[in-house]
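Chemist: First the structure, which I've put down as structure tokens, then a few questions once you've had a look.
Each value in this text was obtained by applying a stated rule to the coordinates, not by laboratory testing. Computed from a predicted model, the values in this text were never measured in an experiment. Glycine gets a Cβ as well: all are built from the backbone with ideal geometry, and neighbour counts include every protein chain shown.
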Amino acid sequence: MTYTTYIQQEQQQVSREELARSRQAITEMEHHYSNYEAQVRMMQNNMKTDEDALKYANLMLELNRCRDNLRRHIDSYNELVRIANVQFPTTRLSDQVKREIYHLYHSNRYTQVQLAQQYGIEQSTVSKIVNGQPPA
């Protein structure tokens, strides 16, 4: 008698909120990386002492670490999206998600379109949330 190995792959259940939070973390990391890049460019042109050169070297090291972390997070996010069975329920958004959207938009770091893409909803829905009363 021969036995055949049977492997059942379970697909991970991921909500749009979880994906949005992961994407938001990546966006924040991209913002920090851009700040490091700007600092490095400024220091390149203003190095005058050995201390400046040491600060530049440390900043370059931090920039490289940030870039590596960013790549790792993007790869993990893409893998999560690839293997996940993403659930986009037709139910209403939770109050917590509405608060997140409202505050993220009013922090002036995200556009309505970006938030709509992150949360898997229409831009008009984001508009109603951010232009209405602040969520309780």
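Chemist: By its C-alpha gyration tensor, with a ≥ b ≥ c as the square roots of the eigenvalues, how is segment 50-136 shaped: rounded for a/c under 1.5, else prolate for a/b larger than b/c, else oblate? Don't skip to the answer; put the middle values down first.
Modeler: Numbers: a/c = 3.89, a/b = 1.77, b/c = 2.20.
Judged from the Cα gyration tensor, segment 50-136 comes out oblate (a/c at least 1.5, b/c at or above a/b).
Chemist: Taking 0.36 nm per residue of sequence separation and subtracting the Cα-Cα distance, how much length would be gained by fully extending the chain between Leu54 and His73, in nm to one decimal?
Modeler: 4.0 nm
Chemist: Follow-up question, since we're still on this one. Enumerate the whole-percent occupancy of each 10 Å bin, from 0 to the last occupied one, for all C-alpha pair distances of segment 18-85.
Modeler: Whole-percent P(r) values from 0 Å outward: 20, 38, 23, 14, 5, 1.
Chemist: OK, next. What distance in nm separates the simple spin-label points at Ala136 and Met43, each placed 7 Å from Cα in the Cβ direction?
Modeler: 5.0
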